[in-house]
1. Where in the chain are the DSSP H helices whose C-alpha atoms run 20 Å or more along the long axis and whose mean Kyte hydropathy is at least -0.5?
2. Along the charge dipole of the chain, which of GLY57, VAL109, GLY192 sits closest to the positive end, that is, farthest toward it, with unit charges on the beta carbon of Lys, Arg, Asp and Glu (+1, +1, -1, -1)?
3. Between the range 30-69 and the range 79-128, what is the separation of their alpha carbon centroids in Å?
4. Quick check: Cα centre of the range 145-203 to Cα centre of the range 12-27, how many Å?
5. Hey, any idea what % of the range 50-99's accessible area is carbon plus sulfur with a 1.4 Å probe?
6. With every protein chain left in place and a probe of 1.4 Å, what is the accessible surface of GLU134, to the nearest 10 Å²?
7. Under 8 Å for C-alpha pairs, at least 6 residues apart: give me the relative contact order for the range 25-85, rounded to a whole percent.
8. So for the chain, averaging the separation of alpha carbon pairs under 8 Å that are six or more residues apart and normalising by length, what relative contact order in percent results?
Amino acid sequence: MPLRPASEPPTRPALRARYDTRQSELVTAAAGVFAARGYDQTSIHELAAQIGLAAGGIYHYFGGKEQLLIAICDQLMDPLLTRAEELAAEDRDAEEHLRRLVLLWVTHVVAHRDHMLVFQQERHVIDHGEQWREVRERRKRFERLVEAALTAVQASGSARFADRRVALSALLGMVNHTAQWFRPDGRLDADGVAAGYVELLLT
């Protein structure tokens, strides 16, 4: 069971907004440190030193490393899932929807590269345990949205998959692995990468 943070969030709106902003900044900074040094290899004291805080400053917001890791996963998945669900509710043809979904996804992975690298490092932990149930459920909801997009493309005749589950696994692997190799100054931007992935599927 994760430890509780040293203090409860403030209740006054202005103070709570500052608290939430600082907490979010801390999660982003922790993702960067864990991505570079390794989650298991970085203690709270080492993390605090890397981001210029006393360890007590971290415990003010989080009860321990596991709470931080959950927050990193939330910061990665929540906005992606919300936007993907909004896209699914829009009225457009199947191929255009798939292109927009993959572009959203690739852009998000690129923008949250550190978060994705940490998620991949700790996937073996996240796949087990009751404390990770909500993280797993949101990941599965997103995967179902991607599978529905592939199903619609296949039904429209824009693509033919010998096995749709294999196509889903291939797309998941390609997009999520983008965090491993993408460089902002590289030959392709996020739009070019996303377009390339879709063309592989459709051809």
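The values are calculated or read from the model by the stated rules, or taken from the named source; none is laboratory data. Values in this document were obtained by computation on a predicted structure and should not be read as measured data. Every residue, glycine as well, gets a Cβ built from its backbone with ideal geometry; the counts of neighbours run over all protein chains shown. SASA here: full protein model, heavy atoms, side chains in, ligands and nucleic acids out. Shrake-Rupley method; radii C 1.70, N 1.55, O 1.52, S 1.80 Å.
1. TM-like helix candidates: 13-37, 65-89, 94-111, 164-181.
2. Of the candidates, GLY57 comes out farthest on the positive side.
3. 25 Å
4. When both Cα centres are located, 36 Å separates them.
5. 47 percent
6. Taking all protein chains as shown, GLU134 has close to 110 Å².
7. Details: 27 pairs, mean separation 21.6, N = 61.
RCO, the range 25-85: 35 percent.
8. Working: 178 pairs, mean separation 50.3, N = 203.
In percent, rounded to a whole number, it is 25.
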